[in-house]
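Notes follow once the structure below has been shown.
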Amino acid sequence: MLVSLIVFGVCWSRNIKESRFNIAGSVEVPERLVRMAQADNNSLAIIVKNEADVPVAIKRIVNPKFPVAFSLGEKDLLTENVEGDLKIEVQINNHGQLGVIKQGDIFGAAAGVVHSNDKNVLVQADKTMGRVQLVRNVKGNFFRTAAR
């Protein structure tokens with residue numbers, strides 16, 4: 001009887017320690033984008049999506065300093081069931097809208113798929129829509145831009 005209580009206690013404590021969702025890793029930005037990514041009032045959104053491309057967890061970090069270590073747990077989940085292969089995407093912006101990539105936003109993703117308890121996940125935020133810049137040395141039209 002005593003042995004069965006001890007085995008039950010060990011199994012029960014192991015279940016408490018291992019949650020069903022706990023992804024950890026870091027987000028890195030290349031040197032050419034660090035200044036833009038660390039601008040005031042920017043937010044970093046770490047989005048975990050399932051195989052159907054539906055967000056299942058989101059974590060937001062305001063005024064990030066890169067590289068950023070992150071951990072997503074059950075409190076970050078948007079849904080009850082997290083099964084199968086997952087992918088992680090990141091967006092860095094100052095407008096706060098997720099899923100909308102605007103001029104000046106930085107975004108990226110982890111290479112390959114992740115699973116619900118992976119650790120040391122590396123996410124590269126290495127893409128940008130660029131910045132609107134005025135064309136230099138153009139006479140007479142202040143509003144011409146390089147995006148033209």
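Read-outs: derived from the displayed coordinates by stated rules, not from any lab. For clarity, every value in this text was computed on a predicted model and none was experimentally measured. As a convention, Cβ positions derive from the backbone with ideal geometry for all residues, glycine included, and neighbour counts pool all protein chains shown.
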Rank the residues ILE92, ILE101 as a footprinting-exposure proxy: fewest other Cβ atoms within 10 Å of their Cβ go first. ILE101, ILE92
Structure shown: which of LYS65/LYS102; LYS59/LYS87; LYS75/LYS127; LYS87/LYS127; LYS75/LYS102 lie over 19 Å apart, alpha-carbon to alpha-carbon? LYS65/LYS102; LYS75/LYS127; LYS75/LYS102
The exposure ranking of LEU98, LEU72, LEU44, fewest beta-carbon neighbours within 10 Å first, is LEU98, LEU72, LEU44
Could I get the Rg over Rh figure for segment 21-128? Both from C-alpha atoms, Rh via Kirkwood, rounded to two places. 0.94
Listed by chain and number, the aspartates and glutamates with an alpha carbon less than 19 angstrom from that of LYS119, same-chain partners under 8 positions apart left out, are GLU18, GLU28, GLU74, ASP76, GLU83, ASP85, GLU89
Mind listing the phi-derived Karplus ³J(HN,Hα) values for segment 95-101, rounded to whole Hz, using 6.51, -1.76 and 1.60 with θ = phi - 60°, and x for any glycine or proline? 9, x, 8, 8, x, 10, 8
Residue among LEU86, GLY104, ASN120 farthest towards the positive dipole end of segment 21-128, charges placed on Cβ: GLY104
Based on other C-beta atoms within 10 Å, arrange ARG35, ARG60 from fewest to most. ARG35, ARG60
